[in-house]
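Visitor: Take this structure, written in C-alpha cells, and hold onto it; I'll ask about it next.
The values are calculated or read from the model by the stated rules, or taken from the named source; none is laboratory data. All values derive from a computational prediction rather than experimental measurement. Neighbour counts run over all protein chains shown; Cβ positions are idealised from the backbone, glycine included.
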Amino acid sequence: GENVEQHPSTLSVQEGDSAVIKCTYSDSASNYFPWYKQELGKRPQLIIDIRSNVGEKKDQRIAVTLNKTAKHFSLHITETQPEDSAVYFCAFGAGSYQLTFGKGTKLSVIP
Amino acid sequence: EAQVTQNPRYLITVTGKKLTVTCSQNMNHEYMSWYRQDPGLGLRQIYYSMNVEVTDKGDVPEGYKVSRKEKRNFPLILESPSPNQTSLYFCASSLPPSPNRGDEQYFGPGTRLTVT
C-alpha cells in the first residue's frame, strides 16, 4: 500500500519559535494533502490542507508547502504558543475520504 | 449541531464475541470512513464508503465488516474480535472533493475497544 514518512516524531520548541514538520509520500497520483492536529484524548481536527495544483497555502500562523516533484510537503507553525502542543499528522490521498496518514509528530511548546 | 457520533465510546469484550460499533452523521455527507489508531502507527483506514451501498477496503480491512444501508449510518462490525483489534477507533465523514470549498473530514469522538 501507499506510505508516508513523517519527521520528526517528536519536536520541542520554545514559545515564540517556529516549528517545521516534514512528510514524504509515495503516490505521485495523490492530489490532496491535509494536516491534522490531535490534542490529548481528543479527535483529530483538520488545521490546513493543500491540493496538488498549489505550492503553498497559509492561514495565520500556519502554512503548508508542497513539492510534487520531490513528493514531500511540510507544515510550518510560526510564533508557537503552548496551545499548539499536540500531535500533528500529515496525510495524503485522492481526497478526504481515502487518506494515508503519517505516524505523527508530538510537538511540545515550552513556555 | 453538526456532528459525527459513535457508540459505544468504551467497550471491553472477549475474544470471539461479535460486536458492532455504530457511527452516525447528521451533515448529509456522502463519504464515511473508519480508522483505527494505535500508538506509534498513526491512523490507518479500515473501510470507506462513497455512498449508500458503496463500500471499499482501506489499508487494514482484515477482521472487519461494514455496511452502508442509509446515508447517515456506517456501522463497523467485528464478527470474531481478537486481541490484536484492541485499539482506538474513529469514524469520519466528509463531502465529495470540490475545488470550490474545503475538503474537511469530520471525526467522531472515538471508541476505545479492548479485546481480552
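Visitor: Scan the range B:42-60 and give yes if some residue there is touching a Leu at 6+ places or on another chain (Cβ under 6 Å) and either surrounded by fewer than 14 Cβ atoms within 10 Å (Cβ to Cβ) or away from every other protein chain (no Cβ under 14 Å) (or both), otherwise no.
Guide: no
Visitor: Those residues that are hydrophobic (A, V, I, L, M, F, W, C), more than 10 Å from chain B (Cβ to nearest Cβ) and out of contact with any helix residue (DSSP H, G or I) (no Cβ under 7 Å at 6 or more places or on another chain), I need them from the range A:74-111; list them, please. Let's see the steps before the verdict.
Guide: Of the range A:74-111, the ones hydrophobic (A, V, I, L, M, F, W, C) are A:75, A:77, A:86-87, A:89-92, A:94, A:99, A:101, A:107, A:109-110.
If we keep only those that are more than 10 Å from chain B (Cβ to nearest Cβ) too, we end up with A:75, A:77, A:86, A:92, A:107, A:109-110.
Of everything in the range A:74-111, those that are hydrophobic (A, V, I, L, M, F, W, C), more than 10 Å from chain B (Cβ to nearest Cβ) and out of contact with any helix residue (DSSP H, G or I) (no Cβ under 7 Å at 6 or more places or on another chain) turn out to be A:Leu75, A:Ala86, A:Phe92, A:Ile110.
Visitor: Looking at A:Ile77, A:Ile62, can you tell me which residue is more than 30 Å from B:Arg112 (Cα to Cα) and crowded, with 21+ Cβ neighbours inside 10 Å?
Guide: Working: A:Ile62 fails: crowded, with 21+ Cβ neighbours inside 10 Å.
Exactly one residue qualifies, and that residue is A:Ile77.
Visitor: Of all residues in the range B:90-109 being surrounded by fewer than 21 Cβ atoms within 10 Å (Cβ to Cβ) and small (Gly, Ala, Ser), which is modelled with the highest pLDDT?
Guide: Among them, the one singled out is B:Ser98.
Visitor: May I ask you to verify whether B:Ser87 is at pLDDT 95 or above and buried (at least 18 other Cβ atoms within 10 Å of the Cβ)?
Guide: yes
Visitor: Within 11 Å of the chain's Cα centre (by Cα) and hydrophobic (A, V, I, L, M, F, W, C), is that true of B:Leu41?
Guide: When the stated conditions are applied, B:Leu41 does not pass them.
Visitor: At least 2 residues that are closer than 20 Å to A:Ala91 by Cβ in each: list the strands (runs of 3 or more DSSP E) lying fully within the range B:35-79 that qualify.
Guide: Correct list: B:42-51, B:54-57.
Visitor: I'm told A:Lys22 meets every condition in (1) within 10 Å of the chain's Cα centre (by Cα); (2) within 13 Å of another protein chain (Cβ to nearest Cβ) except one. Can you identify the failing condition by its number?
Guide: (2)
Visitor: So A:Pro34 fits all but one of (1) surrounded by fewer than 13 Cβ atoms within 10 Å (Cβ to Cβ); (2) within 14 Å of another protein chain (Cβ to nearest Cβ); (3) in contact (Cβ under 8 Å) with a residue 60 or more places away in the chain; what number is the exception?
Guide: Tallying (1) surrounded by fewer than 13 Cβ atoms within 10 Å (Cβ to Cβ); (2) within 14 Å of another protein chain (Cβ to nearest Cβ); (3) in contact (Cβ under 8 Å) with a residue 60 or more places away in the chain, A:Pro34 fails exactly one: (1).
Visitor: Scan the range B:62-84 and give yes if some residue there is within 22 Å of A:Gln38 (Cα to Cα) and touching a strand residue (DSSP E or B) at 6+ places or on another chain (Cβ under 9 Å), otherwise no.
Guide: So far as the range B:62-84 goes, no, none of its residues is within 22 Å of A:Gln38 (Cα to Cα) and touching a strand residue (DSSP E or B) at 6+ places or on another chain (Cβ under 9 Å).
Visitor: Of the conditions (1) within 14 Å of another protein chain (Cβ to nearest Cβ); (2) without any contact (Cβ under 8 Å) to a residue 60 or more places away in the chain; (3) under 14 Å from the mean Cα position of the chain (by Cα); (4) closer than 18 Å to B:Arg112 by Cα, B:Thr20 fails just one. Which one is it?
Guide: Exception for B:Thr20: condition (1).
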